[in-house]
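Following this message is one structure expressed as structure tokens.
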Amino acid sequence: MARPRKISRRGVVLAICNTGFGLPPVVVGLVLSILLLRHGPLGYLNLRFTPSAMIIGQFILSLPIVINLTVVALQQLNPKLRLQIRALGASRWQTLWLLGREIRLPLLVAYMAGFGAVVSEVGASQMLGGNLPGSTRVLTTAIVMETGMGHYDRAIGIVLLMLVALVVGLLTWAQQNDGHR
């Protein structure tokens, strides 16, 4: 009878990151809001309803996506490549740099996916930033607010769409041009 395999720390970290793929943004916003309450464990930081709180929330939401896609890219590398680079005398940092160059195209995909998750998110932004005009109102929360009030003419979704098209277009151009070298 085969013994069950022991779960490694790496496997646990990857399982947590995989869980992050389905992490509801509203739950991230709720947990961070509770932590940032004036009398909460992180209340002394005075971050609630600030752009910094929103950035932390967006970072938490995008991190699992970027980590998982980076891990997949690293797993696609030939396992002997690292050994070959080290055998040629590369330092640890040089090895990391060269391996990073090998997976640069899939890394661009990871960054595009992370950007897409962040730019399309509303729940955590609303809960952490409060949608305050001139301070924490972002395009996604403004679109939801204006649409909810029936002001479809003010729901400027085209600006957000153009921003996404520009950023992803530039990253795609870099990815495609790099692949032809």
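Would you say Ser62 is among the polar types (S, T, N, Q), closer than 27 Å to Trp97 by Cα, modelled with pLDDT of 90 or more and surrounded by 13 or more Cβ atoms within 10 Å (Cβ to Cβ)?
Numbers: among the polar types (S, T, N, Q): yes; closer than 27 Å to Trp97 by Cα: yes; modelled with pLDDT of 90 or more: yes; surrounded by 13 or more Cβ atoms within 10 Å (Cβ to Cβ): yes.
In short, yes.
Is it the case that region 107-118 has a residue that's at pLDDT 90 or above, among the β-branched types (Val, Ile, Thr), surrounded by 15 or more Cβ atoms within 10 Å (Cβ to Cβ) and within 18 Å of Val28 (Cα to Cα)?
Checked region 107-118: at least one residue is at pLDDT 90 or above, among the β-branched types (Val, Ile, Thr), surrounded by 15 or more Cβ atoms within 10 Å (Cβ to Cβ) and within 18 Å of Val28 (Cα to Cα).
Scan region 37-56 for residues that are among the β-branched types (Val, Ile, Thr) and assigned to a helix (DSSP H, G or I) and jot them down.
Matches in region 37-56: Ile55, Ile56.
Name the residues in region 141-166 that are closer than 15 Å to Asn131 by Cα, assigned to a loop (DSSP other than H, G, I, E, B) and either touching a residue at least 60 places away in the same chain (Cβ under 8 Å) or open to solvent by 50 Å² or more (accessible area, probe 1.4 Å) (or both), would you?
Residue satisfying the conditions is Met149 alone.
Identify all residues within region 1-54 that are touching a Gly at 6+ places or on another chain (Cβ under 6 Å) and either open to solvent by 100 Å² or more (accessible area, probe 1.4 Å) or under 20 Å from Val66 (Cβ atoms) (or both); write none if there are none.
Result: Pro25, Val28, Gly29, Leu32, Met54.
Report whether or not Ala73 is in contact with a Ser or Thr (Cβ under 9 Å, 6 or more places away or on another chain) and either over 30 Å from Arg101 (Cα atoms) or open to solvent by less than 70 Å² (accessible area, probe 1.4 Å) (or both).
When the stated conditions are applied, Ala73 does not pass them.
The values are calculated or read from the model by the stated rules, or taken from the named source; none is laboratory data. Note that this is a predicted model, so its numbers are computed, not measured. Ideal geometry is used to build each Cβ from the backbone, glycine not excepted, and the neighbour counts take in all protein chains shown. The accessibility values were calculated without ligands, DNA or RNA, using every heavy atom of the protein model including side chains. Shrake-Rupley method; radii C 1.70, N 1.55, O 1.52, S 1.80 Å.
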